Amino acid sequence: MMRSTGYALFGLVLWLSVSGCHRDHEQSMLHPAAEASAHIAWLWWILFGICTAVFGSVMALLWVAIRRPSLTSADGDTAKVANVDAATVGSGRRDTRPLSPLGNGFVIASGIVFPAIVLLGILILSVNSQFVLTPPETTRTVRVVGHMWWWEVRYPDEQIVTANEIYIPVGEPVRIELTSADVIHSLWVPNLQGKMDLLPDQTNVTWLQADRPGRFRGICAEYCGVQHAKMGLLVVALPRDEYDEWIAQHQQPPIAEEIELVSRGREVFFASTCHNCHAIEGTSAVGVRGPDLTHMGSRQTIGAGLLPNNRGNLIGWISNPQALKPGNLMPRTHVAPDDLHALAAYLESLK
Amino acid sequence: MSSDSSSEMRLQQTWAPARGFPGVLAEVNNQIIGKRFMITAFVFFMLGGVLALLMRIQLAASDNHFLGPQTYNELFTMHGSTMMFLFAVPFLEGLALYLLPMMIGARDVAFPRLTAYGYWLYLFGGVLFYASFLFGAVPDIGWFGYTPLSTSRFTGLSTDFWLLGLSLVEVAGLTAAIEIVVTILKFRAPGMTIGRLPLFILSLLVVGVMILIAFTVLLTATVLLELDRATNTAFFDVERGGNNLLWQHLFWFFGHPEVYIMFLPATGIISMVIPVFARRPVVGYVLIAAAILVTGFVSFGLWVHHMFAAGLPALSMTFFTAASLMIAIASGVQVFAWIATLWGSRPELKPPFLFALGFMFLFVLGGLTGVMVAVVPFDQQVHDTYFIVAHFHYVLIGGVLFPIFSGVYYWLPKMTGRLFSDSLGRLNFWLTFIGFNLTFFPMHIMGFLGMPRRVYTYPRHLELDGYNLLSTFGAGLMSIGAVVFLYDLVRGLTRGEAASDNPWDGDSLEWSVSSPPPNFGFIRFPVVTGRHPLWQADVTEAPDDSALGRLREALAFEPQTWRGTMVTDATDATPQAIQYLASPTFVPMWAAVGTLAAAVGVLAQAYILSAAGLAVLIISVFIWLLPRESVMRRLRESELPASTGLPVLSSGSVATGWWGMVGFLTLLGSSFAALIYSYFYIRLFSPQWPPSGSDLPNLPLGSAAYACLVVAGVIHCWGMSRFRAAAESSARAALVIGSAVAVGFLALQGWDWSRQNFTHQSHAYGSLYFVISGTLSLLVVLGLAFSLTCLKRIGRTDRRDLANVTLHLEMTQMLWATISVIGVLVFLTLYATPYLL
Amino acid sequence: MTSKLLSPESTAPEFEQNPYGDRTPVVGSLWLLLFGGAICWTIHLLFVVAVSEWGCFSGMGEFRFLGATAIAWSVIVASLIAATVAGWVMFLSLRSNWRQCGSDSGSDGEDFDKERGSGCYLAQVAVWSNGLFLFIIVAQTIPILFYLSEC
């Protein structure tokens, strides 16, 4: 069992490294920022405690079983030898092997009665938690549509369409309606909530609520094709007043600064193929295959949580999206370097 | 003595393996085919392991560029599919086919040609799978193949490789299951009553039945998906009323039992190894038996716990939480029974036992994380993360691979006649055990820190690099373990000491034959008097003055000129008959080649090839199943019935063929249950049924058609009773009339098809209607084939073949009875449901 | 080798008779008993899952009686029936255990592993597996107490 002790130590070290506090843990279920995820984290530590105790006891029993001095039931009672069929006993056939000192009583007590009690407890715990985590009543709704490999985010009441970012007000539950435009995806924001699938068949409902302001990373958790790994999103929880401001700003058409570079960028945008797939509200760009770019300038990331949104990354992404996210559906755009710069400036200006 | 040795030589000649090049293709003996299964499975295991290593290298560091996303997705798909379908189940089937007859005192398995057919299908299926690499169309949909990603809208040829390769392997699994179940029920040595089965055999019996049900459901699901892809039906097309969750339900209804299909035989191995190393009988035999039975059943009631994040109603998930938790009791019983058996026994830490201990450690850990993920809210966090990857590798490597290693080290001396190195075995154990924990323990934590499954890379800022590097290092250690094992294997085979017949002082019958055993296993059948036969003083002997003792001597070296073994009662194992077993033949291989051609034809959309393949398959099956005159003559002339009182031709529940038919009918039932389930599932989520524009089914026409089926079934049953009453001409008349009525069904059904204003492509309703009634019609054609071949034999064969003709007619009648019952259910589903629901 | 095992009269053997041992009587019904609990559990699970899936989908959850939904009531009634039948099967198994294995066989103790023929074995396995199934049916009923009034 020395190895087992070493094993436990090893586990402890790993655990300490998980719980170390030098990290931001923006995608960790053990660092909850919401009631729901905190409840689940609590549930985990309870389960961890129960299961560690059970595992320890079983291994201790196994250790004792193989290490303790030789024992058979014959030590106490010579009559206890393995039995043969009553019909053949008469013919003198008898097994001379001694039996184990432990019999069925031990197996029944430790293998049926004890687990039954523990498992009933876990069952009640589980159903209770599931009940506690029933979606709360709320008036705020966000609709998320999964695409290969990005998230379309709609605020139906506020008439806002955005992508790969969900803004929510701190402390208020937001109903999230999930559906998919192609294959099955799954929305997972570990710090806030367990995951829920996005199916093309039906609308699933979950909710998000953050108890403190912050950025929480989410990721697609159902294998959905070649770029499943890079289908991230960001949940941004803002204090109520900032949230209202964000909503108000996004309800307005984008206000592009009217400098020369930007207007040249707009010309490039509409002269090239961009508008076939992307939409910008208030313009003739109404494509739906790619993310809506109406307020592109105010987004925090590009490429579905892939890169910070700045001009350099934007230029890199537009000039060769296949290098950064191989297999994604955005083709390489052939734009002259100067035009590229202008295009990026235009997109950046859409705030 | 000299007569003994010449008898033995003749026996050896009869059982000699086929030699030479084409000869090896004709082999049907269970030991040889069993070894082929194991070796092939081991090769696939190595391939799957290499794929895993490549994946671990890619994941060793964040934002790594060793493999691209496409390649990575292909590798994890192939890795999962290989380990599940091409390694674990086939290896255990191979081990079972090899050991089964020896452990229960028989000479071969019940249907030797079916063994060979199963092996060829498995090999062809596996090769077809890997042939996708040659065509640059490697499956990339995951081992679970979720729709709609696996539909033709999103994937091409690669998914066809996956589906068709898989289908062949599934059919191979089904053949092995029928083989295993019937052999255990009918070939046990006298005295090995149902209460004295070695626990490995008991677990195989339960697993065989589980395979018959679970694999059939998967086979049905894969056929539906392939129909969607190849013929544009709409089962999984949302636009046309199909449903994607249907695939998940069908897949996991197979997928969860699959885990126990691998795990139960593994526990069976442990239950064989532990008493031997504890040198005492297993504690709680009855409790273990009950636990195996309960596990077998309950494993079919857990499938939804793979779908806790799919948006099902909260209440219906709770029932599956309960079932998923409670199955742990059944596993707990086994663990504590083993601990009780070992209590104070001072076992020697030899490789088989070390792996058994390692199994207990890893399996208990994996089982406990399994209990955790039954808790819905917790599962919704860790579902599809590396926590789950860790969990199921603990259960599958810890719970299946470790027992397999334990069993391999335990039985290798028997299989090869050589002893293997204890120290190399220990080295392999420690490398594998430590490597395993280093690889998979950190994955629990990666899951918590937000690493989802099936990602080819992860960003640096998640700070997962350390864990992943550790994990990759562990994987390296494990592969060194595998190399050590291979070296040990080669060293033992070439330079190992000769093994005695019973090197571990084992208790079960396989240790009573020589190492390596002759192809026929036993010269004289053993007589069993307890659960641990070899530990009982004179166990394989029966008192010479008893009827059993005289039978034993009469059957020593017999039958000599043809392969045969003794058939006993399913419960009490009292002798009932002697069974003829086929000699080497090419027929199974041709049947498998035909099956492969049919599959490849679909793959290449060269349907002419499919048709040719089907033709070869059908002809082979006819040659296979119809009795050959040369064989019948030999059986008629046999003196064994006179000398032993046991018939060489039998019918009813005495005959293995009868039980094989029961297995086949179970499989049919399971398949139609899956189809009817699909119907109601799609119905549940459809707003209008039938969809607008399609007429309600024609009730009078449907009633007439399906009444024909019931009448045909009744007439066939009546014919059976006339035949039993020796009224052969009325039996013949019954077959003729019954068949005619069944043809009437086909005509009416065909007329109903032609009347419909929709096709199988119009909507899911149309797909269901045509595919379910079409499958039933195919079944009716099969029934007709049985009736007509029967008709040819009744009253026209030698009276001494009567039992065989009876069996043929019994099978026909059973098939028709089943068709009638299925027909009524299909009628209620297709014709009555649209009016009622 | 050629010696006749049976009496000289039976050179034309009667296959219906088996000279090599008796079949355990009442074994057929014991096999049925062995699967009794499992069948109860299967039907119960299928029913409660179908009711909760279909009920939640079709609005059956809106219909209430004494504070609980129609879904909850049907699950409770089904569970009571299933548990009663499983309990009855359990009782039958215990009774056949007692009959087949002799009165001295408690359900625990060392002589529990003693072999007393197929009938006794099947009865013993039936007792334990039916007991487990009864327990599982009861456990599967517990969740409904949390979901009396919603889906």
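Worth a mention:
- The distance separating the Cα centre of the stretch B:204-254 from that of the stretch B:390-440 comes to 34 Å.
- The string of couplings for the stretch A:182-190 from the Karplus curve (6.51, -1.76, 1.60, θ = phi - 60°) is 9, 9, 7, 10, 9, 8, 9, 10, x Hz, one whole number per residue in order, with x for Gly and Pro.
- Total formal charge among the other residues, if their Cβ is under 9 angstrom from that of B:Phe525, Lys/Arg +1 and Asp/Glu -1: +3
- Database remark: amide H of A:His185 closer than 5 angstrom to the amide H of A:Leu198 (H placed geometrically; neighbours at sequence offset of 5 or more, or on other chains; Pro and chain starts carry no H).
- Sequence-distant contacts, meaning Cα pairs under 8 Å at least 6 residues apart, place the relative contact order of chain A at 14 percent.
- Centroid-to-centroid separation of the stretch B:155-202 and the stretch B:741-801 [C-alpha atoms, Å]: 28 Å
- Across the stretch B:104-112, rounded Karplus estimates of 3J(HN,Hα) from the backbone phi angles (6.51 cos²θ - 1.76 cosθ + 1.60, θ = phi - 60°) give 10, x, 10, 9, 7, 7, 5, 10, x Hz, Gly and Pro being marked x.
- Ordering B:273-281, A:129-137, B:587-595, B:758-766 by mean Cβ neighbour count within 10 Å, with the highest value first, yields B:273-281, B:587-595, B:758-766, A:129-137.
- Other residues whose C-beta falls under 15 angstrom from the C-beta of B:Arg495 contribute a net charge of -1, scoring Lys and Arg +1 and Asp and Glu -1.
- Under DSSP loop assignment and at most 14 Cβ neighbours within 10 Å, longest GluC sites (Glu not before Pro)-free interval of chain B: B:1-347
- Long-range amide H partners of B:Gln576 with built H, under 5 Å: B:Val567, B:Thr568, B:Asp569
- The string of couplings for the stretch B:813-823 from the Karplus curve (6.51, -1.76, 1.60, θ = phi - 60°) is 5, 4, 4, 5, 4, 5, 4, 4, 5, 4, x Hz, one whole number per residue in order, with x for Gly and Pro.
- Our summary gives chain B a relative contact order of 16 percent, counting only alpha carbon pairs under 8 angstrom and 6 or more residues apart.
- In plain terms, if you count all Cα to Cα distances in the stretch B:109-258 and split them into 10 Å steps from zero, the share in each step is 11, 34, 30, 16, 7, 2, 0 percent.
- Whole-number percent relative contact order across the stretch B:677-836, with pairs defined as alpha carbons under 8 Å at least 6 apart: 35 percent
- Averaging over all projection directions, the Cα-based convex hull of chain B occupies 35.3 nm² in the image plane.
- For the stretch B:483-609, a/c is not less than 1.5, where a ≥ b ≥ c are the root eigenvalues of the C-alpha gyration tensor, and a/b does not top b/c. That puts it in the oblate class.
- Distance from the Cα centroid of the stretch B:542-601 to that of the stretch B:13-70 is 29 Å (rounded to whole angstrom).
- Considering only B:Ile213, B:Leu224, B:Pro190, the residue lying farthest towards the positive end of the dipole of the stretch B:176-322 is B:Pro190, judged by Cα position with unit charges set on Cβ.
- Per-residue shielding of B:549-559, expressed as the average number of other chain Cβ atoms within 10 Å of the residue Cβ, stands at 2.
- Sorted by Cβ density within 10 Å, fewest first, the residues C:Val125, B:Val182: B:Val182, C:Val125
- The stretch A:200-251, Rg to Rh (Cα coordinates; Rh as Kirkwood inverse mean 1/r): 1.07
- Charged-residue dipole, Cβ positions (Lys, Arg, Asp, Glu), the stretch A:260-349 about Cα centre, Debye nearest 20: 280 debye
- Cβ-defined net charge surrounding A:Pro337, 15 Å radius [Lys, Arg +1; Asp, Glu -1]: +1
- Kirkwood-type hydrodynamic radius, the stretch C:25-145: 15.8 Å, calculated from all non-identical alpha-carbon pairs.
- Kyte-Doolittle mean at least -1.0 and Cα axial length at least 24 Å: DSSP H helices in chain A: A:2-19, A:35-67, A:114-132
- Residue order for B:Tyr409, B:Tyr467, fewest other beta carbons within 10 angstrom first, comes to B:Tyr467, B:Tyr409.
- Anisotropy class of the stretch A:126-247 from Cα gyration tensor, a/c 1.5 cut: oblate
- Taking all C-alpha pairs of the protein assembly as shown, those more than 55 Å from each other amount to 24 percent.
- Cα gyration tensor shape of the stretch B:1-93, rounded if a/c is under 1.5, else prolate or oblate by comparing a/b with b/c: prolate
- Using only alpha-carbon positions in the stretch B:290-418, the gyration tensor eigenvalues give semi-axes of 33, 16, 13 Å once each is multiplied by 5 and square-rooted (largest first).
- log₁₀ of I(q)/I(0) at q = 0.12, 0.15, 0.16 Å⁻¹ - the stretch B:677-836, Debye sum with one point per alpha carbon: -0.56, -0.77, -0.83
- Amide H partners (placed H, <5 Å) of B:Val528, local residues excluded: B:Gly191, B:Met192
- Among the trypsin sites (Lys or Arg not before Pro) in the stretch B:731-837, those located in a DSSP loop and surrounded by at most 16 other Cβ atoms within 10 Å of their own Cβ are B:Arg796.
- Note on B:498-510: average number of Cβ atoms from other chains within 10 Å of each residue's Cβ is 0.
We did not get these values from a lab; they are worked out from the coordinates using the rules stated. Since we're looking at a predicted model, the values are computed, not measured. Note: ideal-geometry Cβ built from the backbone for every residue, glycine included; neighbour counts use all protein chains shown.
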